[in-house]
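Below is one structure, written out as structure tokens; the observations come after it.
The values are calculated or read from the model by the stated rules, or taken from the named source; none is laboratory data. Since the model is a prediction, treat every value here as computed from it, not as a measurement. Methodologically, a virtual Cβ is constructed for each residue, glycine included, from the backbone with ideal geometry; neighbour enumeration extends over all protein chains shown. Areas reflect the complete protein model, heavy atoms only, side chains present, ligands, DNA and RNA absent. Shrake-Rupley method; radii C 1.70, N 1.55, O 1.52, S 1.80 Å.
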Amino acid sequence: MAGFEINDVSKIYGGSSPTETLSHIQLHIEDGEFLAILGPSGCGKSTLLDILAGLQPASSGEVLFEGKPLTGPGKERGVVFQDPSLYPWRTVFQNVELGLEIGGVPKPERKLRVQKYLDLVGLKGFEHKYPHHLSGGMRQRAGLARALSNSPKVLLMDEPFGAVDHLTRLQLQDDLLTIWQAEKKTVVFITHDVSEAVFLGDRVVLLSPRPGRIRSIFQVRAKRPRKRDDVELLKIQQDIYATIHEIKTEEDLEFTI
């Protein structure tokens with residue numbers, strides 16, 4: 001089962017003046033869940049994602065994946081960053097197949113798998129284009145296809161739609177949900193956007209300012225497919241904004257005291 005147990009995880013960056021980025025994170029992520037993580041800049045959202053990806057260790061605490069201690073990166077966890085980082089000298093097809101190529105997957109199988117995911121993300125017909133021929137949204141689709149082509153059980157997504165225009169962002173949200181429902185993967189999605197988190201997530205985890213702690217977890221029980229103007233979703237957004245306001249008020253009081 002592709003779930004995580006995050007047990008009392010903290011992260012401190014050393015140096016002459018150590019900085020605590022995450023503090024005592026305790027969280028269970030269900031297999032097949034779409035979990036959105038929300039919080040202000042610098043609260044440790046991306047650090048938490050890096051820890052789940054195995055790209056850096058926690059300073060203390062433990063992360064279990066599929067019931068076993070997580071000790072490093074693995075192909076069962078695909079990562080999609082805000083910048084898709086496509087190689088400009090490789091075509092879209094060649095960029096998407098890179099992981100399979102490195103992994104020694106035979107060429108006929110690579111071709112089938114890459115084409116499947118290019119079709120799924122809406123890039124059919126753009127296989128032989130180079131990244132500079134694509135819009136920002138299309139490059140992000142290529143990055144998503146590259147992650148999916150390795151057949152991960154989990155998608156870890158770090159503000160993947162943050163650099164595209166609003167209308168493209170809405171379309172990418174819809175497309176991601178279609179892919180998630182078709183592929184039955186666990187998704188952990190980092191965002192600054194309250195409406196995006198509520199529209200996408202089964203749950204929304206709100207982190208406090210640095211050091212990031214879990215301030216609240218909001219259940220989103222609205223049926224899918226969802227409408228962005230659904231009253232239930234708007235109510236959860238209001239609750240999140242109210243909690244953010246409480247955090248800001250508490251910070252102001254601490255500063256005053």
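Taking the longest Cα principal axis of the chain as reference, the axis of helix 166-183 is set at about 80 degrees. Per-residue surface analysis assigns Tyr130 an accessible area of about 80 Å², computed on protein heavy atoms at 1.4 Å probe radius. Listed values for the range 128-144 are Karplus-derived 3J(HN,Hα) couplings in whole Hz (6.51 cos²θ - 1.76 cosθ + 1.60, θ = phi - 60°), namely 9, 7, 9, x, 6, 7, 9, 6, x, x, 5, 5, 5, 4, 5, x, 5, and x replaces Gly and Pro.
Comparing mean-square fluctuations of Arg139, Arg203, Arg215 from a GNM of the chain with C-alpha springs under 10 Å, the top value falls on Arg215. Computed on the chain, with alpha-carbon pairs under 8 angstrom and 6+ residues apart, the relative contact order is 25 percent. Averaged over residues, the count of other Cβ atoms within 10 Å places the peptides 20-30, 38-48 in the sequence 38-48, 20-30, highest first.
With the contact rule set at Cα under 8 Å and sequence spacing of 6 or more, what percent relative contact order holds for the range 139-218? Over the range 139-218, the number comes to 25 percent. The length gained on full extension between Lys235 and Thr71, counted as 0.36 nm times the residue separation minus their Cα-Cα distance, comes to 55.1 nm. The range 50-66 and the range 154-197 have their alpha-carbon centroids 22 Å apart. Run the accessible area of the chain with a 1.4 Å probe and give the carbon-and-sulfur part as a rounded percent. Looking at the chain in its full context, I get 55 percent from C and S.
Here r is the Cβ-Cβ distance between His192 and Lys107 and R0 is 35 Å; the resulting FRET efficiency, rounded to 0.05, is 0.30. For Ile37, nonlocal amide neighbours, meaning residues 5 or more places apart or on other chains whose placed amide H falls under 5 Å from its own, are Phe189, Ile190, Thr191, Val205.
In the chain, the DSSP beta bridges split such that about 50 percent are antiparallel, to the nearest 5. In a fully extended conformation the segment linking Ser151 and Lys129 would gain 5.6 nm over its present Cα-Cα distance, using 0.36 nm per residue.
The aspartates and glutamates within cross-link reach of Lys107, meaning a Cα-to-Cα straight distance under 14 Å and a gap of 8 or more places when in the same chain, are Glu97. Cross-link pairs exceeding 19 Å between alpha carbons, from the set Lys75/Lys124; Lys45/Lys68; Lys111/Lys153; Lys11/Lys75; Lys184/Lys223: Lys75/Lys124; Lys45/Lys68; Lys111/Lys153; Lys11/Lys75. Hey, can you find the accessible area per residue of the chain for me, probe 1.4 Å, expressed in square angstrom? It amounts to 50 Å² per residue over the chain.
Amide H to amide H, with H built 1.01 Å from N, Ala2 comes under 5 Å of Gly32, counting only residues 5 or more places away or on other chains. The slack between Asp202 and Leu64, meaning 0.36 nm per residue of separation minus the straight C-alpha distance, is 47.6 nm. When the helices of the chain are scored as -39500 (n - 2.57) per DSSP H run of n ≥ 4 and the total is divided over every residue, the value at 222 nm lands at -12000 deg cm²/dmol.
Note on the chain: GNM, Cα springs under 10 Å; of Val198, Val231, Val188, the largest mean-square fluctuation is that of Val231.
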